[in-house]
Amino acid sequence: MSQKNFFDFNFESLKLFLNEELNIEEKKIPMRSKQIWQSVYKKGSFEINNLTTFPLELRSKLEDLISLQRPKIEKTQTSSDGTIKWLIKLFDGNEVECVYIPEKTRATLCISSQVGCTLNCRFCHTGTQRLVKNLSFAEIVNQVMIAKEQINDWDEQRKITNIVLMGMGEPFYNYDNVKTAVEILKDKEGLNYGAKKITVSTAGIANKIPEAATEIGTYLALSLHAPTDNIREMIMPINKKFKIKDLIEQCKYYSSVVKEKITLEYVMLRGVNDSMECAKQLVKLMAQFPCKVNLIEFNPWPGVQYLPTEREEMEKFGKVIQDAGYVATIRRSRGQDILGACGQLRTESEKKKAL
Ligand code: SAH
């Protein structure tokens, strides 16, 4: 039979596979599966041969059955602020980006869920790249594995404290793979990121939010970016399908299940959504469910038609929200010089035309 790639298994399917393929007592399968799982995801060991808990004979059998190959890094770019962006080449030749953002007391890894995107938000660089494909859960998790390997992030030396699905693509349009990837990220015997260390960001696929509340359960960020349907529709075509009212209802539900505030992301576009009137409308909207707002500096990219709001104006906008009693933070832009900041990711992958 042909070799399987380890990363295509979740824990359950790994057990099933070993049960079918390894000629060992059935009751030992969970233990053996756990040993491999821990060695890869906890210790970052990518050699079956290093699995010293396995008898030699079993190791060599396993080597025939399973490969631990990972996609390769095509390009590494390091920003003057320490942010690192990796361009990763997947086995099928498509390319995807992920970004490591170190701060004083924590470090965030921003990963992608799709190659390209269907949404076409006017201010987002990824939106200019048509959707090429949904990433498999293995391709999502492997971005984390690759980053960890690069910065030696294993055992006690863990540096990545938070993971955000805020890279390329819309996570809720690749729901099943995102769900399985998050399960793997959370697994205590493996990567062990708590649900509250992971944030899934959505442009507002309202009908997926309830499922995500019970099945994914991480922090949720909603890319709101406008307080009214009129403005939102101009900058985010997805608003034609899912209106702000729907989003509020679903976010209300999400926060009641997960018992955390929703983070509203609000990229500030000069003259578009940054008036004091907008701030007041946003306050009214925020009164309807537990949330806080993250004001995002607009990051330009080649060919874009928008300009960033001046810093001073952003602060004034934030103050209106704070004075109303809500949390508003301003997200500092990171990695702009390497096109690694929010909304700047894009790769050269194109959808192959059907022959
Ligand atoms: N599709 C999901 C995941 C992408 S997250 C979502 O929309 O939430 C990327 C975040 O960066 C989103 O909030 C997005 O709206 C924001 N963003 C996109 N382009 C940007 C830009 N040029 N400058 C700053 N933020 C941007």
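Values in this text are rule-based calculations from the coordinates and carry no lab data. Fair warning: this is a prediction, and the values are worked out from it, not measured in the lab. Here the Cβ is made from the backbone with ideal geometry for all residues, glycine too, and neighbour counts use every protein chain on show.
Points to keep in mind about this one:
- Calculated FRET efficiency for the pair residue 176/residue 92, C-beta based, R₀ 22 Å, to 0.05: 0.75
- Under-5 Å amide H pairs with residue 267, H placed in peptide plane, nonlocal only: 225, 296
- Taking 20 °C and 1.002 mPa s as conditions, the chain diffuses translationally at an estimated 100 µm²/s according to Stokes-Einstein applied to its Kirkwood radius (Cα pairs).
- A simple spin-label model places the labels of residue 80 and residue 16 5.3 nm from each other, with each point 7 Å out along Cα-to-Cβ.
- In sequence order, calculated HN-Hα J values of region 12-25 (Karplus, 6.51, -1.76, 1.60; Hz; x Gly/Pro): 5, 6, 5, 4, 4, 5, 5, 4, 6, 9, 9, 8, 10, 4
- Near the amide H of residue 191, within less than 5 Å, lie no amide hydrogens of residues on another chain or at least 5 residues away, with H placed in the peptide plane.
- About its Cα centre, the dipole of region 256-296 is roughly 120 debye, where the only charges are +1 on Lys and Arg Cβ and -1 on Asp and Glu Cβ.
- In degrees, nearest ten, helix 56-65 long axis to first principal axis of the chain (Cα): 50 degrees
- Among 292-299, 15-22, the peptide with the highest mean count of other Cβ atoms within 10 Å heads the list, and the full ranking is 292-299, 15-22.
- Within region 122-147: backbone nitrogen closer than 20 Å to the residue 348 label point (7 Å, Cα to C-beta): 125-133
- About the Cα centre, charge dipole magnitude for the chain (Lys/Arg +1, Asp/Glu -1 at Cβ), debye: 500 debye
- Using a cut-off of 20 Å between Cα atoms, the listed pairs 34/133; 42/148; 159/197; 259/319; 240/352; 43/186 include 34/133; 259/319; 240/352 as exceeding that distance.
- Angle of helix 311-323 to the longest C-alpha principal axis of the chain, folded into 0 to 90 degrees and rounded to 10: 90°.
- Amide H to amide H, with H built 1.01 Å from N, residue 98 comes under 5 Å of 86, 88, counting only residues 5 or more places away or on other chains.
- If you plug the beta carbon distance of residue 68 and residue 215 into 1/(1 + (r/R0)^6) with R0 = 35 Å, you get a FRET efficiency near 0.80.
- Residue separation of residue 243 and residue 52 scaled by 0.36 nm, minus their Cα-Cα distance, works out to 63.2 nm of gained length.
- Farthest positive-ward along the chain dipole, Cα basis, beta-carbon charges - from 190, 344, 327: 327
- FRET efficiency for the residue 252 to residue 275 pair, using the beta carbon distance and R₀ = 30 Å, is estimated at 0.70.
- Here each label is just a point 7 Å from Cα along the line to Cβ, and for residue 310 and residue 156 those points are 5.2 nm apart.
- Partners for residue 28 among aspartates and glutamates (Cα-Cα distance below 15 Å; same-chain residues under 8 apart left out): 12, 20
- The modelled label-to-label distance between residue 230 and residue 2, using points 7 Å beyond Cα along the C-beta direction, is 5.6 nm.
- When DSSP beta bridges are restricted to pairs lying wholly in the chain, around 40% turn out antiparallel.
- ³J(HN,Hα), Karplus 6.51/-1.76/1.60, whole Hz, each residue of region 156-164, x for Gly, Pro: 6, 8, 4, 10, 6, 9, 9, 10, 10
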